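Trainee: Next up is a structure, given as structure tokens.
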Amino acid sequence: MVTERFLRGKDGVQLEPFERARLEAAITETYMVQPRKTIVRAGERLNQSTLLVEGFMSRYIDDRNGLRQLVAIHVPGDFVDLHAYPLRTLDHDVETMTQAKVAIVPHRELDLILEDFPAMTRKLWFATLLDAAIHRAWLFRLGRLDATGRVAHFLCETNVRLMSAGLSDGKRFSLDITQNDVAEVCGLTNVHVNRVLRQLREDGLCVFRSSTVELREPQRLAARGQFDPAYLYNVRQPSSPPTRQQA
């Protein structure tokens, strides 16, 4: 079942078995995409949305000089461009970060789902609102945290999102992205991220090595990144929200 991770572990919005079966039936194809492949271009007219089944994907915007800013990272179970259903076009590009398996849901199928299963409207809407909540957290991270806080916040967020997908035990998970990707997420240089990761390791908070992240002190790391997981709306949180403090 390729939709098994969609809304998995989310508070109060799990799909009923018949709803998940209907979403499965709406998928017209699944296929593998190689790493670093752009699958949607900004301004492109879209008549389908993409569910990420395996791997990692990003949304990004290029500046005039061709430098990229990542504005979102997607994990398995995410509808990467569900917001394209009402918008029809996106204002950013979508790219695979790793090899990825994707499932395609045509917008005509979404029309039928919303007509025949009105209770699913709220659940699909929730998925887009969750994206918006994550965007707000990213704005906070870039606007208010120092370099170490930004990286700590990003790693804590990724841990919770992968826990929801069943891909983290709360302290250890696979993250097959590059140090440069982390830099583009956090608005830092590659060299700066290298220093931050070394400092987090020396402080005993976290180790990111060989595509594996180990959170050795999750609560301390969350405090360092002023990370409160409430905006991710998971049923089970890895720890109590830390008191925010200047990072």
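The values are calculated or read from the model by the stated rules, or taken from the named source; none is laboratory data. Just so we're clear, the structure is a prediction, and the values are computed from it rather than from any experiment. So basically every Cβ, Gly included, is an ideal-geometry build from the backbone, and we count neighbours across all protein chains shown.
Trainee: Report yes if some residue within region 157-170 is more than 21 Å from GLN99 (Cβ to Cβ), hydrophobic (A, V, I, L, M, F, W, C) and crowded, with 19+ Cβ neighbours inside 10 Å; otherwise report no.
Mentor: Within region 157-170, one or more residues are more than 21 Å from GLN99 (Cβ to Cβ), hydrophobic (A, V, I, L, M, F, W, C) and crowded, with 19+ Cβ neighbours inside 10 Å.
Trainee: Modelled with pLDDT of 95 or more, acidic (Asp, Glu), under 30 Å from VAL207 (Cα atoms) and not in a strand (DSSP E or B) - does that describe any residue in region 70-79?
Mentor: yes
Trainee: Would you check if GLY77 is closer than 29 Å to GLY187 by Cα, surrounded by 17 or more Cβ atoms within 10 Å (Cβ to Cβ) and not charged (D, E, K, R)?
Mentor: Working: closer than 29 Å to GLY187 by Cα: yes; surrounded by 17 or more Cβ atoms within 10 Å (Cβ to Cβ): yes; not charged (D, E, K, R): yes.
Taking the combined requirement at face value, the residue satisfies it.
Trainee: Could I ask something else about it? Can you confirm whether THR121 is in contact with a helix residue (DSSP H, G or I) (Cβ under 7 Å, 6 or more places away or on another chain) and free of Cβ contacts under 8 Å to residues at least 40 places away in the same chain? Explain how you work it out, then say what you get.
Mentor: Numbers: in contact with a helix residue (DSSP H, G or I) (Cβ under 7 Å, 6 or more places away or on another chain): yes; free of Cβ contacts under 8 Å to residues at least 40 places away in the same chain: yes.
So THR121 passes the test.
Trainee: Would you be able to say whether some residue in region 46-69 is buried (at least 19 other Cβ atoms within 10 Å of the Cβ), at pLDDT below 95, in contact with a helix residue (DSSP H, G or I) (Cβ under 6 Å, 6 or more places away or on another chain) and in a strand (DSSP E or B)?
Mentor: No: region 46-69 contains no residue that is buried (at least 19 other Cβ atoms within 10 Å of the Cβ), at pLDDT below 95, in contact with a helix residue (DSSP H, G or I) (Cβ under 6 Å, 6 or more places away or on another chain) and in a strand (DSSP E or B).
Trainee: Keeping to region 4-60, report how many residues are closer than 30 Å to GLU184 by Cα, in contact with a strand residue (DSSP E or B) (Cβ under 6 Å, 6 or more places away or on another chain) and in the same structural domain as LYS101 (by TED's automatic domain parsing).
Mentor: So the count comes out to 22.
Trainee: Residue under question is ARG36, and the condition is that it be of a type in the set (Lys, Arg) and either in contact with a helix residue (DSSP H, G or I) (Cβ under 7 Å, 6 or more places away or on another chain) or free of Cβ contacts under 8 Å to residues at least 24 places away in the same chain (or both); does it hold? Step through it out loud before you land on a result.
Mentor: Working: of a type in the set (Lys, Arg): yes; either in contact with a helix residue (DSSP H, G or I) (Cβ under 7 Å, 6 or more places away or on another chain) or free of Cβ contacts under 8 Å to residues at least 24 places away in the same chain (or both): no.
In short, no.
Trainee: Another one. Give the residue that is surrounded by the most Cβ atoms within 10 Å (Cβ to Cβ), with candidates limited to residues of region 110-147 that are of a type in the set (Gly, Ala, Ser) and under 22 Å from GLN48 (Cβ atoms). Lay out the reasoning, then the answer.
Mentor: Residues of region 110-147 of a type in the set (Gly, Ala, Ser): 119, 127, 132-133, 137, 143, 147.
When the remaining residues are screened for being under 22 Å from GLN48 (Cβ atoms), the result is 127, 132.
Details: ALA127: 18, ALA132: 11.
Per the criteria, the residue is ALA127.
Trainee: Let me ask something additional. Scan region 154-197 for residues that are part of a helix (DSSP H, G or I) and polar (S, T, N, Q) and jot them down.
Mentor: Residues satisfying the conditions are THR158, ASN159, SER164, GLN179, ASN180, ASN190, ASN194.
Trainee: Does region 82-116 hold any residues that are part of a loop (DSSP other than H, G, I, E, B) and among the hydrophobic types (A, V, I, L, M, F, W, C), and which are they?
Mentor: Scanning region 82-116 gives LEU82, LEU90, MET97.
Trainee: List every residue pair whose Cβ atoms lie under 7 Å apart, where the two residues are 6 or more positions apart in sequence or sit on different chains, the first residue falls within region 158-182 and is touching a residue at least 12 places away in the same chain (Cβ under 8 Å), and the second residue, located anywhere, is surrounded by 21 or more Cβ atoms within 10 Å (Cβ to Cβ) and of a type in the set (Gly, Ala, Ser).
Mentor: ASN159/SER168; LEU162/SER168; ALA165/GLY77
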